[in-house]
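Engineer: Pasting in a structure now, in structure tokens, and then I'll have a few things to ask.
Bear in mind these aren't lab numbers, they're just calculated from the coordinates by the rules spelled out. In this text the structure is predicted, and so the values were computed from the model without any measurement. Here the Cβ is made from the backbone with ideal geometry for all residues, glycine too, and neighbour counts use every protein chain on show.
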Amino acid sequence: MTDNTAPKAGDVIVVWFSNGAASAAAAHETIKKYGWYCDVRLVNNPIIEEDEDNLRFQRDVSKWLGQPIILHGNPEYPLNSAVDIWDRRHAMVFPHGAPCTVHGKKEARQDYERKNKVDWHVLGFTADEKSRHDRFVLTERSNVLPVLIDAGMTKNDCAALIRFNGVDLPRVYFEGYPNANCIGCVKATSPTYWNLVRNTRPAVFAERAEQSRRLGVRLVRHQGKRIFLDELPADAKGRPLASINFECGIFCEEPA
């Protein structure tokens, strides 16, 4: 980790690209600001439960930015599968996060750091997420460049930048999902979210319902208590999806 307060010539800056709009915009801003004198690398920790269109978005972003996107998973979980992690850990959520984030994202990032020089990190924290950036700096790494926060870019600004440059956003945004996480994200407890999964991806909903029942995990909160997915009424509603924050990155937070 660098001891300086700003990148110097030749420093390695890793942008942790999560196949979402904010991290794509962060990659663009990092290359624009630092690419002429630093080694900027885009790294993705793949999880196979993401929607397949995320991979199309990944390819389009790579072409737009003119850089390859490096894939780096956790060698302890070579399938890069959240479902595999849940089965091996005999759990789908922990009190302050989820094992898929810990093992599929956080430990994958740490493994990359052990094997590669990293002077600075860039994440897709937007101007409306400064508290999340501050928490990550406090608990994880101090060498983080808040490129989107410094630029005053919100989530909407990130989406507009991407569309302006001719890149179609991942289709999950247009289906009503608040981010490009895996479909059936176990950090979510909202009935609104889970019924969206039931309506748009019934096979995924059924898979999550079966696995959560088998592992004894009550994923959804309805009328003040946690219940199994197969107990959720099809017309149940909770908070609007736009108010729910369970972004999946190289950090682990309490589920929404």
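Engineer: Order by neighbour count: ARG214, ARG135, fewest other Cβ atoms within 10 Å first, most last. Each step should come with its number before you reach the end.
Structural biologist: Working: ARG214 11, ARG135 14.
Neighbour counts put them in this order, fewest first: ARG214, ARG135.
Engineer: For the chain, what is the calculated [θ] at 222 nm in deg cm²/dmol (nearest 500), taking -39500 (n - 2.57) for each run of four or more DSSP H residues and dividing by its residue count?
Structural biologist: -11000 deg cm²/dmol
Engineer: For segment 204-213, just list the computed ³J(HN,Hα) in residue order, Karplus coefficients 6.51, -1.76 and 1.60, θ = phi - 60°, integers in Hz, with x standing in for Gly and Pro.
Structural biologist: Running phi through 6.51 cos²θ - 1.76 cosθ + 1.60 with θ = phi - 60° gives 5, 4, 5, 5, 5, 4, 5, 5, 5, 5 Hz.
Engineer: Here's another thing I want to ask about it. Give me the net charge for the shell around ASP51: Cβ to Cβ below 12 angstrom, other residues only, Lys and Arg +1, Asp and Glu -1.
Structural biologist: Every neighbour counted, the sum reads -2.
Engineer: Here's something else I'd like to know. Check cross-link reach from LYS117 to the aspartates and glutamates: straight Cα distance under 13 Å, and skip same-chain residues fewer than eight apart.
Structural biologist: Cross-link targets: ASP11, ASP39.
Engineer: Put +1 on the Cβ of each Lys and Arg and -1 on the Cβ of each Asp and Glu in the chain; which of ALA236, ALA160, HIS121 then has its Cα farthest toward the positive end of the dipole?
Structural biologist: ALA236
Engineer: For segment 12-174, give the share of DSSP beta bridges that are antiparallel, in percent and rounded to the nearest 5; count only bridges with both residues there.
Structural biologist: That works out to approximately 10 percent antiparallel.
Engineer: Once the piece of chain linking PHE174 and THR5 is laid out straight, how much longer is it, given 0.36 nm per residue of separation minus the C-alpha distance between them? Provide the component values of the computation, followed by the final result.
Structural biologist: Values: separation 169, 0.36 × 169 = 60.84 nm, distance 3.92 nm.
Result: 56.9 nm gained on full extension.
Engineer: By counting other Cβ atoms within 10 Å of each Cβ, how are SER81, SER142, SER18 ranked from fewest to most?
Structural biologist: SER142, SER81, SER18
Engineer: Where a Cα-Cα gap under 16 Å defines reach, which lysines qualify for LYS63, not counting those fewer than 8 residues away within the same chain?
Structural biologist: LYS32
Engineer: Also, I was wondering about something else. Each residue of segment 69-86 in order: what ³J(HN,Hα) in whole Hz does its phi give by Karplus 6.51 cos²θ - 1.76 cosθ + 1.60, θ = phi - 60°, with x for Gly and Pro?
Structural biologist: Result, ordered by residue: 10, 7, 9, 9, x, 7, x, 6, 10, x, 6, 6, 10, 5, 4, 5, 4, 4 Hz.
Engineer: Run down the lysines and flag those whose C-alpha is under 28 Å from the C-alpha of LYS187, throwing out any fewer than 8 positions away in its chain.
Structural biologist: LYS105, LYS106, LYS130, LYS155, LYS225, LYS237
Engineer: For the chain, calculate the relative contact order in percent as a whole number, restricting contacts to Cα pairs under 8 Å that are 6 or more residues apart.
Structural biologist: Reported relative contact order: 23 percent.
Engineer: Still on this structure: For each of LEU42, LEU161, LEU148, LEU71, count neighbouring Cβ atoms within 10 Å of the residue's Cβ, then give the residues from fewest to most.
Structural biologist: Numbers: LEU42 24, LEU161 17, LEU148 29, LEU71 13.
Ranking LEU42, LEU161, LEU148, LEU71 by Cβ neighbours within 10 Å, fewest first, gives LEU71, LEU161, LEU42, LEU148.
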